[in-house]
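Structure record follows, encoded as structure tokens.
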Amino acid sequence: MDYFVTGATGFIGKRLVKKLLARKGSTVYFLIRAQSADKVADLHEHWGLTTAKAKARAVPIHGDLTSGKLGVAASDIQRLKGHIAHLYHLAAVYDLGADEETQMAVNIEGTRHMVEFARAIGAGHVHHVSSIAAAGLYEGVFREDMFDEAENLDHPYFATKHESEKIVRQDCKLPWTVYRPAMVVGDSTTGEMDKIDGPYYFFKLIQRMRQILPPWLPSVGLEGGRINIVPVDFVVNALDHISHQPSIAQRCFHLVDPQGYRVGDVLDIFSRAAHAPRMNLFVNAALLGFIPKTVKKGLMALAPVRRIRHAVMKDLGLPEDILTFINYPTRFDRRDTDALLKGSGIECPNLHDYAWRLWDYWERHLDPDLHIDRSLKGTVGGKVVLVTGGSSGIGLAAAHKFAEAGATTLICGRDQAKLDEACAEAEAKGHRFIAYAVDIADMADCDRFVQQVIADHGGVDFLINNAGRSIRRAIEGSYDRFHDYERTMQLNYFGSLRVTLGFLPGMAAKRKGHVVNISSIGVLTNAPRFSAYVASKAALDAWTRCASSEFADVGITFTTINMPLVRTPMIAPTKIYNNVPTLEPEEAGDMIAQACIYKPVRVATRLGITGQVLHALVPRIAQIVMNTSFRMFPDSAAAKGDKGAKPQLSPEAVAMQQMMRGIHF
């Protein structure tokens, strides 16, 4: 038996052809564009056709869906005339995000050209693979014998699917059968899928929730209409079986899951498959229907609202109009399909049983982040990176990572000897630093330094404001030490600001650049004894928030790292930190590297975020906690002016140190 298939290179088509080839004595002719001829070898391999004789059973026919009679040559039409028992039309656009013009050209005109071609070759039976989208947004149960009852066909995808089916019903004078698959996902046994569509649009959101929240924490999901999902293997098996049954002409069959699931249930099923927080609490999306259309339209007329919506949808990989279908109102009857599948062993599997396979395949093969170079080398290789305070500690650790990744790495510091030592260390590791001696706390020296870097390198692509100083001293011990606040602010805030302002014009001119400001966990937790240090870092945080808003549309991004306690020379004078669990400089360097790769607005530990939330929601309790810690930990010997004293910590203080790793006490 001879077959002809359009869309044989597609996700469903490839599997259908393989199924047809399994039938004894079958030959499958398939439509393919001339410019895609190089795909034929891969298709033969996919279908398991290894010998010349076997390959002769799958014959490519050059043509184009958008041309009359599918653009097939007259000689090929004559060759096929009277030989094709079944013609399967699968070629179509199955993408909500496709533009209207493309959908009309492929779905509508392509179907019209298929009907012309079927008539020209005298096909025995036309099998048109439509979609449940042909029903539009019908309110209620849509039966297999319904068509004209479709309603709410405003969306191009729904409209073109309905119109293409109408062409088959009205213009095809040959025996025809229509199949309406539901939302097709990957194979239920392997998880294999070829694109992100349908429920896959929400996988990135679920992944983000898993990364941020512990799996045991209940989360809020979006409840909506009842959507229908079917795996591709069920669709292919059902299509192959039904299409070879008698008495199917001029009929329609729904290839759907007889159960169907509400949107919230689907999200929860895939959240469980992803080991993400379960969506046990739901907000009914129908509530959005109470918002008057005039209000929605008015909001979307505001540029900031449109930009926020676009940014969120783009970040999550969601089509702009996906939310239109959250309250999907249609359910589908499949009694005719059930009658023909009875006794065949073909049935739609339960989504609970194969959701994990779909998730696993997506995360291994389809996750968009897999196709983005997230390596540090891919981010900074060949770029100019400046690390202030790069001669020791956190800055030196980060500088090594940038240099190893192929960046032109500039470091600066006050001590030329330490800079030379850092450069020698880099050379010993097989890379190179370019060092500049500068006092960041001196505004005139800052200006000189910035101009020198611009002259030498044309500016910088990445600026790491790491240079800083910390003073651990209670306010009651600082009544006569106002200069502590002045010198801390001078370096941590004014120095960093002066350097940043010097390089921003060059970044703006190139419309690209990234600034990483090393702040402190103390800004989030309001750590006692660090009022001078925290205030200076808080000032830098506030300025960064303002700057990031002003430069959001010119390609310059900012990241604030609320760094926890790191074992560096800066904390050496505080002897109680000798046995405190802290980060190593290399770990801090990794945080800086990740900030350059992913460019988040803020990097903070869960402990720091928890402290910030406590101060926002229950400030009095947060004050009591921090005051208790303040009384538990004494001033350092250096702060007291007694360098010989040894710190004495109570058992409670030791326990708190262990519990709150990274907090400044």
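Go through (1) surrounded by 22 or more Cβ atoms within 10 Å (Cβ to Cβ); (2) in contact (Cβ under 8 Å) with a residue 40 or more places away in the chain one by one and return the number of the condition V28 breaks.
Exception for V28: condition (2).
Scan the stretch 83-100 and tell me whether some residue there is in contact (Cβ under 8 Å) with a residue 24 or more places away in the chain, at positive phi and surrounded by fewer than 18 Cβ atoms within 10 Å (Cβ to Cβ).
Scanning the stretch 83-100 turns up no residue that is in contact (Cβ under 8 Å) with a residue 24 or more places away in the chain, at positive phi and surrounded by fewer than 18 Cβ atoms within 10 Å (Cβ to Cβ).
With respect to G430, is the statement that it is surrounded by fewer than 22 Cβ atoms within 10 Å (Cβ to Cβ), among the small types (G, A, S) and either under 30 Å from S271 (Cα atoms) or under 28 Å from the mean Cα position of the chain (by Cα) (or both) true?
For G430, the condition - surrounded by fewer than 22 Cβ atoms within 10 Å (Cβ to Cβ), among the small types (G, A, S) and either under 30 Å from S271 (Cα atoms) or under 28 Å from the mean Cα position of the chain (by Cα) (or both) - is not met.
Return a yes/no flag: does the stretch 73-82 have any residue that is assigned to a loop (DSSP other than H, G, I, E, B) and surrounded by 16 or more Cβ atoms within 10 Å (Cβ to Cβ).
no
What single numbered condition from (1) crowded, with 21+ Cβ neighbours inside 10 Å; (2) of a type outside the set (V, I, T); (3) free of Cβ contacts under 8 Å to residues at least 60 places away in the same chain fails to hold for D420?
(1)
Quick one: would you say F158 is at pLDDT below 95 and outside the structural domain of S131 (by TED's automatic domain parsing)?
No; evaluated as a whole, the condition is false for this residue.
What number goes with the only condition from (1) buried (at least 20 other Cβ atoms within 10 Å of the Cβ); (2) in contact with a strand residue (DSSP E or B) (Cβ under 8 Å, 6 or more places away or on another chain); (3) modelled with pLDDT of 85 or more that V263 does not pass?
Failing condition for V263: (3).
For the stretch 431-450, give me the residue count where each residue is over 21 Å from T500 (Cα atoms) and either touching a Pro at 6+ places or on another chain (Cβ under 9 Å) or without any contact (Cβ under 8 Å) to a residue 24 or more places away in the chain (or both).
Qualifying residue count for the region: 0.
Can you name every residue in the stretch 161-181 that is of a type in the set (K, R) and either farther than 14 Å from V129 by Cβ or modelled with pLDDT of 95 or more (or both)?
K166, R169, K173, R180
Does the stretch 570-590 hold any residues that are at pLDDT 55 or above and under 24 Å from G495 (Cβ atoms), and which are they?
Hits for the stretch 570-590 are L583, P585, A588, G589.
Scan the stretch 44-53 and give yes if some residue there is β-branched (V, I, T), over 42 Å from the mean Cα position of the chain (by Cα), surrounded by fewer than 23 Cβ atoms within 10 Å (Cβ to Cβ) and assigned by TED's automatic domain parsing to the domain that holds E151, otherwise no.
Yes, some residue in the stretch 44-53 is β-branched (V, I, T), over 42 Å from the mean Cα position of the chain (by Cα), surrounded by fewer than 23 Cβ atoms within 10 Å (Cβ to Cβ) and assigned by TED's automatic domain parsing to the domain that holds E151.
Quick check on Y598: is it among the aromatic types (F, W, Y), assigned by TED's automatic domain parsing to the domain that holds K510 and at pLDDT below 55?
For Y598, the condition - among the aromatic types (F, W, Y), assigned by TED's automatic domain parsing to the domain that holds K510 and at pLDDT below 55 - is not met.
I'd like the full set of residues that are at pLDDT below 95 and of a type in the set (S, T, Y), limited to the stretch 381-428.
S391, S392
Within the stretch 11-25, track down each residue that is surrounded by 19 or more Cβ atoms within 10 Å (Cβ to Cβ) and of a type outside the set (K, R).
Within the stretch 11-25, F11, I12, G13, L16, V17, L20 meet the criteria.
Could you look through the stretch 137-166, keep only residues that are out of contact with any Cys (no Cβ under 6 Å at 6 or more places or on another chain), of a type in the set (D, E, K, R) and touching a residue at least 24 places away in the same chain (Cβ under 8 Å), and pick out the one that is farthest from C252 (Cα to Cα)?
For the stretch 137-166, the residue satisfying everything is E139.
Within the stretch 223-242, work out how many residues are assigned to a helix (DSSP H, G or I) and either among the acidic types (D, E) or at pLDDT below 95 (or both).
Going through the stretch 223-242 one residue at a time, the tally reaches 2.
Of (1) under 22 Å from H254 (Cβ atoms); (2) surrounded by fewer than 21 Cβ atoms within 10 Å (Cβ to Cβ); (3) aliphatic (A, V, I, L, M), A120 satisfies all except one. Which?
Of (1) under 22 Å from H254 (Cβ atoms); (2) surrounded by fewer than 21 Cβ atoms within 10 Å (Cβ to Cβ); (3) aliphatic (A, V, I, L, M), only one is false for A120: (1).
With the condition kept exactly as written, say whether any residue in the stretch 47-57 is of a type outside the set (D, E, K, R), in contact (Cβ under 8 Å) with a residue 12 or more places away in the chain and in a helix (DSSP H, G or I).
So far as the stretch 47-57 goes, no, none of its residues is of a type outside the set (D, E, K, R), in contact (Cβ under 8 Å) with a residue 12 or more places away in the chain and in a helix (DSSP H, G or I).
The values are calculated or read from the model by the stated rules, or taken from the named source; none is laboratory data. None of these values were measured; they are calculated from a predicted model. Every residue, glycine as well, gets a Cβ built from its backbone with ideal geometry; the counts of neighbours run over all protein chains shown.
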